[in-house]
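Encoded as structure tokens, the structure appears first; notes follow it.
The values are calculated or read from the model by the stated rules, or taken from the named source; none is laboratory data. In this text the structure is predicted, and so the values were computed from the model without any measurement. Here the Cβ positions follow ideal geometry from the backbone for every residue, glycine too, while neighbour counts run over all protein chains shown.
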Amino acid sequence: MSGAPSLAVSSWSLHETLGPMYPELAPGAGPRAAQRPFGDGRCELLGLPALVRDELGVARLELCHFHLPSSEPGYLDELVARLGDAGVALTTLLVDAGDVTHPDPDERRAQRAHLRGWIDVAARLGARRVRITTGAVDPDAPDAVAQSADGLAELLEHADERGLALLTENWHDPLSLRPELLLALLDRFGGRLGLCVDFANWLPGMKEATMRALLPRAATIHAKAQYDADGALDAPEFQTWLRLAHASGFAGDFVLIYADGGDEPDALLRVKEQVLLAAGDAL
């Protein structure tokens, strides 16, 4: 490894700072009523690029789709302008919706169409990547990997046509939490389907095995630390996985993740400090 690591921040790490969420927003839809499980926030999404630059010293952003209050072209273009003004690159649109393996054929087609729409949004925003989950298929089904691959292949083609890389992640869906199945899925695409590895997602007793299996294939990493009951970051535990990532040859974005409440920018600076520390040790 040479030089400083590539750092990004997820909008999820600033969900209390942002406040409102719009999980039911559809691609191309105008403003929708907000949900406020985290209150009103102190920063609108259009102000997030400047906050990331000025308060965190980071020039890359991952955006959760549900933080968009509108997906109309005018709003998306304004967000692109704000990113440009701040000198912040949108690396990935994280789409936390849709099931490419839905058992009902009509609903499965509708879900895939919905996800194609979000890929179009990612392209309009100038993102480099879009992350789609593997689908809620039963991982014990004999054709589980094939079902997931069928849906992701359709979306991969759509992303390719728009100059976007498609990622999936060890998160949310049961198939993705089985390292052997997730790797088998990636193998079906010969390197065309990327992987975001999240330090916080594994089956009980499987963290080390999961990280050792997946980190060599990672395109991006969600660098999330563990915390004790008093809210203190477990630095030795976090360093274990950061150093394993470097030993695996990882050269992509370390995406700073924090989701435990309180002063989010301050907590993210502590996460950033640990990521930089591990990078220095790896030099």
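Are any residues in segment 104-117 touching a residue at least 12 places away in the same chain (Cβ under 8 Å) and either under 12 Å from ARG162 (Cα atoms) or over 16 Å from the mean Cα position of the chain (by Cα) (or both), and if so, which ones?
Residues satisfying the conditions are ARG108, GLN111, ARG112, HIS114, ARG116, GLY117.
If we scan segment 125-145, do we find a residue that is in contact with a Pro (Cβ under 8 Å, 6 or more places away or on another chain), under 30 Å from SER70 (Cβ atoms) and not aliphatic (A, V, I, L, M)?
no
Among helices (runs of 4 or more DSSP H) lying entirely in segment 1-98, which contain 1 or more residues that are buried (at least 16 other Cβ atoms within 10 Å of the Cβ) and among the acidic types (Asp, Glu)?
Counting at least 1 such residues, we get 15-18, 48-56.
Would you confirm whether any residue within segment 185-201 is acidic (Asp, Glu), touching a strand residue (DSSP E or B) at 6+ places or on another chain (Cβ under 8 Å) and either surrounded by 15 or more Cβ atoms within 10 Å (Cβ to Cβ) or at pLDDT 95 or above (or both)?
Scanning segment 185-201, I find at least one residue that is acidic (Asp, Glu), touching a strand residue (DSSP E or B) at 6+ places or on another chain (Cβ under 8 Å) and either surrounded by 15 or more Cβ atoms within 10 Å (Cβ to Cβ) or at pLDDT 95 or above (or both), so the answer is yes.
Looking at segment 127-148, which of its residues are in a loop (DSSP other than H, G, I, E, B) and hydroxyl-bearing (Ser, Thr, Tyr)?
Within segment 127-148, THR133, THR134 qualify.
In this structure, is GLY84 out of contact with any Cys (no Cβ under 9 Å at 6 or more places or on another chain) and on the phi > 0 side of the Ramachandran plot?
When the stated conditions are applied, GLY84 does not pass them.
Looking at segment 166-185, which of the residues that are out of contact with any Leu (no Cβ under 9 Å at 6 or more places or on another chain) and either of a type in the set (A, V, I, L, M, F, W, C) or not in a helix (DSSP H, G or I) (or both) is farthest from ALA127 (Cα to Cα)?
That would be ALA184.
Looking only at segment 223-265, how many residues end up being under 15 Å from HIS15 (Cβ atoms), among the charged types (D, E, K, R) and assigned to a helix (DSSP H, G or I)?
Looking only at that region, the number is 1.
What number of residues in segment 23-38 are touching a residue at least 24 places away in the same chain (Cβ under 8 Å) and of a type outside the set (D, E, K, R)?
Number of matching residues: 9.
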